[in-house]
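Enquirer: After the structure tokens below, expect a handful of questions from me.
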Amino acid sequence: IDDQICLLINSWCELLVLSCCYRGVSTPGEVRVGGGRGITLHQSAKYGLTPCIERMLSFTDHLRRLRVDRYEYVALKVIVLLTSDAPELREAEKVRASQEKALAALQAYTASHSPDTPAKFGELLLRIPELQRTCQFFMQVGKEMLNPANKNKDGEAPSFNLLMELLRGNNTFLVSSSAIAPGGYWENSGKFEGDIILDDWQIDALVTDYAAGRSAYIWPNTKWPGNVVVYEIAAGHFNQAQIDHIIRSIQWIEHFSCIRFRLRNANDRNYVRLTGYNNGCYASVGFWHDRGIHTLNLTPNVPDRGCFVMTTIIHEWLHVLGFFHMQSTYNRYDYVRIAWENIQRGMEHNFERYATNIVSNLGLPYEYTSCMHYFATAFSINGRPTIIPLRAHYGVMGQQTYVTHYDWLRLRRHYNCPGGWSAEDAKLLEAEVEKSIPLMAPKADDEIIADIPEVVEKQE
């Protein structure tokens, strides 16, 4: 723990500047700050921050030119953090060995993913001393701002406060709604792969183990203990009609699997907290004993619309239960082609493929119409498909009208539900799911009878 604190103290500025600049890659000429806001060079002048913003914009331009993706960004953070010459380290050799491992992983990743730019690895490493120089400059500016002569009558340094706000990190992606297929509400939530919240250990594992690839599309060893999901619904976030719709999603999952849900009590440390912030549909992946609060957010809407389409709510629950997206599977290239040329720049990370140590197919086929699959035009820059099927299939790729029997069967097998591996039970399940489709499908506009929710602008 002492070494971890030493490393953070040594590199906090570099880590936060890197995070802030990476957030600005998709917005040329603007530095992204907390809450999705931005500040331009012109706006920075009145705060006396022009030299700082100039340096951040220059650094961001380098990241944009190099087309740094999520994995390269996280790898750089790991390398910056693991500085073995940080003062007062007790186990510097272990830190050095870990940094060398991260360097090797980044080098292998860039060689594999950017074969046309062999110098990319070297150019990424050159950004680190530039980052350090930027932070040294920031520290000098900060000292000047905190000089008593530069404080206001209340003893505050507003420019320094704004500078610190600029440096606050946030591990989300900003996604243009015009780049998302209509109906893909969870794809448009600005998180990893659109709607997934990753813990730091999961991000680091993806960087270190990037070449690996399996799909239940699950993260291993993250099943909810005893097949029971503990949850609470945040007070004041939803109206009664929305709460009822959430409860119905739970009832569907309990009906088609051996998963059970119960409300949180005072002794529960790990639980799912359902919130209604106005920033999309997204969730944490799987159970993790050190996580505490597991996230599931649904922007309030009329039931059967937006994040409150029944299949979309269940989609987010499936993330909570441990599932990634269908097209993330290790053998996807037997079934689809990713049209990288049609993907919005900076959104390529949403199409990563995982190895068999991260995801498992559970003995079931690739399914184009799974509710866990992207739409064909997800994250498209031009409206053309980003995912092209290589085989004939029925139905709409990534449909959100119903949960397929294979979706339910994957859940049953992942949690070892009775009959989950029985061919006979699978046939019975398919027949039952067919009957459920009309009940789960979103109602037409003239059929919706619900109170219009009071959408409160809640910010994280």
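The values are calculated or read from the model by the stated rules, or taken from the named source; none is laboratory data. Keep in mind it's a predicted model, so treat the numbers as computed, not measured. No Cβ is skipped: glycine too gets one built from the backbone with ideal geometry, and neighbour counts run over all protein chains shown.
Enquirer: If we scan segment 308-318, do we find a residue that is modelled with pLDDT of 90 or more, in a strand (DSSP E or B) and either charged (D, E, K, R) or in the same structural domain as N416 (by TED's automatic domain parsing) (or both)?
Expert: Looking through segment 308-318, none of the residues is modelled with pLDDT of 90 or more, in a strand (DSSP E or B) and either charged (D, E, K, R) or in the same structural domain as N416 (by TED's automatic domain parsing) (or both).
Enquirer: Next question, about the same structure. Which residue, of N357, N350, N361, is within 20 Å of the chain's Cα centre (by Cα), at pLDDT below 90 and in a loop (DSSP other than H, G, I, E, B)?
Expert: Criteria check complete, one pass: N357.
Enquirer: Do the conditions hold for D61, that is, is it touching a residue at least 60 places away in the same chain (Cβ under 8 Å) and closer than 18 Å to C21 by Cβ?
Expert: The answer is no for D61.
Enquirer: Could you tell me which residue of segment 251-262 is farthest from the chain's Cα centre (by Cα), considering only residues that are assigned to a helix (DSSP H, G or I) and surrounded by fewer than 18 Cβ atoms within 10 Å (Cβ to Cβ)?
Expert: H255
Enquirer: Can I ask one more? How many residues does segment 98-128 contain that are under 26 Å from the mean Cα position of the chain (by Cα) and part of a helix (DSSP H, G or I)?
Expert: 21
Enquirer: Could you tell me which residue of segment 9-52 is surrounded by the most Cβ atoms within 10 Å (Cβ to Cβ), considering only residues that are modelled with pLDDT under 75 and part of a helix (DSSP H, G or I)?
Expert: Applying the filter and picking the extreme gives Y47.
Enquirer: Name the one entry in A266, A241, A283, A235 that is assigned by TED's automatic domain parsing to the domain that holds R410, out of contact with any Phe, Trp or Tyr (no Cβ under 6 Å at 6 or more places or on another chain) and within 13 Å of L318 (Cα to Cα).
Expert: On inspection, the qualifying residue turns out to be A283.
Enquirer: For segment 192-200, check the following and say yes or no: at least one residue is at pLDDT 95 or above and aromatic (F, W, Y).
Expert: Going residue by residue through segment 192-200, those that are at pLDDT 95 or above are none.
No, segment 192-200 contains no residue that is at pLDDT 95 or above and aromatic (F, W, Y).
Enquirer: For segment 376-392, give me each residue that is modelled with pLDDT of 90 or more and closer than 24 Å to L318 by Cα.
Expert: A376, T377, T386, I387, P389
Enquirer: Is it true that V229 is crowded, with 18+ Cβ neighbours inside 10 Å and at pLDDT 95 or above? It would help to see each step written out before you state the result.
Expert: Details: crowded, with 18+ Cβ neighbours inside 10 Å: yes; at pLDDT 95 or above: yes.
When the stated conditions are applied, V229 passes them.
Enquirer: Right, another one. Can you tell me which residue is nearest to H325 (Cα to Cα) among those in segment 263-294 that are surrounded by 19 or more Cβ atoms within 10 Å (Cβ to Cβ) and hydrophobic (A, V, I, L, M, F, W, C)?
Expert: V285
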